[in-house]
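Data first, discussion second: the structure below is written as structure tokens.
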Amino acid sequence: MKGLKACYQSEAAFRQEVWLSIFLLPMAFIFGKTGVEQVILIATVFLVLIVEILNSAIESVVDRIGDEYHVLSGAAKDMGSAAVWLSLMLLIITWLIILI
């Protein structure tokens, strides 16, 4: 729970995704026609939150090491951000397919 609290307090993107999930989770029960569809919709929401937490953890560790720029530090942060972007794309595609 400390990790959730720390991420919520320090990461604006995580806060936005939490508020988005508060909206999307009830919508999953409305738009999912079967239990399987509902679980898939819910899972994609949680996946975005999980990946964002992991990305925030990577960024914290990299920032802890130092402020100076290093190619590997930049790559690590970029990869974490790419993972968040991919999880968001999965959420959007999944929701669109199930809604359409």
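The values are calculated or read from the model by the stated rules, or taken from the named source; none is laboratory data. What you see is a predicted model; the values in this text were computed from it and never measured. No Cβ is skipped: glycine too gets one built from the backbone with ideal geometry, and neighbour counts run over all protein chains shown.
Is it fair to say I58 is at negative phi and touching a residue at least 40 places away in the same chain (Cβ under 8 Å)? No: the conditions fail for I58. Within the set I58, I30, the sole residue that is among the hydrophobic types (A, V, I, L, M, F, W, C) and at pLDDT 95 or above turns out to be I30. Meeting the requirement of 3 or more residues that are touching a Gly at 6+ places or on another chain (Cβ under 6 Å) and surrounded by 14 or more Cβ atoms within 10 Å (Cβ to Cβ), the helices (runs of 4 or more DSSP H) wholly within the range 1-98 are 35-65. Picking from residues in the range 1-39 that are β-branched (V, I, T) and over 15 Å from the mean Cα position of the chain (by Cα), the one that is nearest to D63 (Cα to Cα) is V39.
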